[in-house]
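Written out below as structure tokens is the structure these notes cover.
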Amino acid sequence: MTDRLPFTLDDAKRWREQCPTPFYIYDEAGIRKCVTDLYKAFSWNPGFKEYFAVKATPTPAILRLLHSMGCGCDCASAPEVLMSRRCGIQGSEIMFSSNETRPVEYRAAHEAGAIINLDDLTQIEIMEKACGIPETVCCRFNPGTFRNTNDIMGHQYDSKFGMTRPQLFEALRTLRDKGAKRLGVHAMLASCSLDNGYYPALARELFALALELRKADVHLDFIDLSGGLGIPYQPWERPVDIFAIGEGVRKVYDEMLTANGISLSLFMEMGRYITGPYGYLLTTAIGKKHIYKEYIGVDASASDLMRPAMYGAYHHITVLGKEYAPADTTVDIVGSLCENNDKFAVNRPMPAIEDGDILVIQDAGAHGHAMGYNYNGRLRCAEMLLSEDGSVRMIRRAETIDDYFATLDVDSEFVRA
Ligand SMILES: *Cc1c(COP(=O)(O)O)cnc(C)c1O
């Protein structure tokens, strides 16, 4: 959460006249600074690249903005690949990290020229049949145990992702023998980690693997450190220090690789860290209810932002114009879905909220609009981009009732059959 929003009550009131709440707004300046700092922190590495995890914010204007700053896309499905291509992102700027992958999805990734990141040994044959063996291939590693993981990810031996060490060796050797020219290894062993030591520890694990693979005559061209950095959702949490992380990884790199005459490119696939703190859901207070508890009703609901309902996730909420008012009421802030978990906050100390107040739900820039849905006939809300010059642009309109009918193509062959 932030104490300093990049907009004021007057700004929000003006926007609300143009576009009714709820809507998302993304802060371009915040996203730009985040990406600039990331590239600075890893500028020592030749070929360093961030592949933005599309699932976090699958919004074309955001993908284009990130691409203009040198980011590629990390895609987990064929539609994500197609969306990236339509945004002008293709070839080795797409990392395709999928699991339980269908042949059509391999073909979509291959046609885009994407780097394919294989989740399992058995996928080699499926991929080969679907699209052949590409020149560049990556394999996903699951070490079984990893000291620096966190609760969200759980133990690696409980994780469905990646290959064991012997499988990984076999996969890479097989791919090399079948003609793959450039090989990489990928691992994602934490989620939402605020530990500055996570990436250095992951790098140590994967660099050791690279050295072992050399002994087996498998030479890696890149290592994909994937995503997993967290953001401070809670007021008492502190953001990670990306420069300390870059420096920590550099030390391990120099010690283990440079010292052995090895140079390889590092990739990342962060999502949450890049956009999470820079997206806000704006919603208007529309009612108060006093029964056994105090409720504040708002015009957004869990169908706009699912994280609190789904994981009990904390999102800090600011009432515009009342930032410094004492938080002397305790309320539940709720939406209108016919589901009792449709609550953005439970027992939250807040300043006194009146109808018409604009509430800012913070840290909604990743897995926010992306996880929106249509329950109770709710229409997914608009997305706006706050540019560096202070102007605001709608980058996705709200759905309309016609969108519900747009998929009912009663003339299709399938329906007739
Ligand atoms: C979800 C995911 C990411 C991004 O994770 P963040 O926590 O948003 O950084 C990257 N790579 C893969 C394969 C993922 O599944």
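The values are calculated or read from the model by the stated rules, or taken from the named source; none is laboratory data. As the structure is a prediction and not an experimental result, all values here were calculated from the model. Counting neighbours? That spans all protein chains shown, and the Cβs are built from the backbone with ideal geometry, glycine included. Only protein heavy atoms, including side chains, enter the accessible area calculation; ligands, DNA and RNA are left aside. Shrake-Rupley method; radii C 1.70, N 1.55, O 1.52, S 1.80 Å.
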| Taking the stretch 1-14 as the region of interest, how many residues are within 20 Å of A398 (Cα to Cα) and either open to solvent by less than 20 Å² (accessible area, probe 1.4 Å) or assigned to a strand (DSSP E or B) (or both)? | 1
| query | If you take the residues of the stretch 251-284 that are open to solvent by 20 Å² or more (accessible area, probe 1.4 Å) and in contact with a Ser or Thr (Cβ under 9 Å, 6 or more places away or on another chain), which of them is nearest to the ligand (Cβ to nearest atom)? | reply | R272
| request: Assess whether A29 counts as being surrounded by fewer than 19 Cβ atoms within 10 Å (Cβ to Cβ), of a type in the set (G, A, S) and touching a residue at least 60 places away in the same chain (Cβ under 8 Å). | output: yes
| Flag for D332 being outside any loop (DSSP other than H, G, I, E, B), among the acidic types (D, E) and open to solvent by less than 30 Å² (accessible area, probe 1.4 Å) | yes
| Restricting the stretch 102-143 to residues that are basic (K, R) and out of contact with any helix residue (DSSP H, G or I) (no Cβ under 7 Å at 6 or more places or on another chain), which is surrounded by the fewest Cβ atoms within 10 Å (Cβ to Cβ)? | R102
| remark: Exception for I291 within (1) among the hydrophobic types (A, V, I, L, M, F, W, C); (2) under 30 Å from L209 (Cα atoms); (3) free of Cβ contacts under 8 Å to residues at least 40 places away in the same chain falls at (2)
| task | From G390, G365, grab the single residue that is out of contact with any strand residue (DSSP E or B) (no Cβ under 9 Å at 6 or more places or on another chain), within 12 Å of Y26 (Cα to Cα) and of a type in the set (G, A, S). | result | G390
| said: Criterion first (hydrophobic (A, V, I, L, M, F, W, C) and out of contact with any Pro (no Cβ under 9 Å at 6 or more places or on another chain)) does A325 satisfy it? | reply: no
| message | Any residue at all in the stretch 39-57 that's part of a loop (DSSP other than H, G, I, E, B), within 16 Å of the chain's Cα centre (by Cα), within 15 Å of the ligand (Cβ to nearest atom) and buried (at least 20 other Cβ atoms within 10 Å of the Cβ)? | response | yes
| Cross-chain or 6+ apart pairs with Cβ under 8 Å, the stretch 68-80 first and at negative phi, then of a type in the set (D, E) and in a loop (DSSP other than H, G, I, E, B) | D74/E269
| message | For the stretch 368-385: of the residues being in contact with a Leu (Cβ under 9 Å, 6 or more places away or on another chain) and in a loop (DSSP other than H, G, I, E, B), which is nearest to M270 (Cα to Cα)? | response | G368
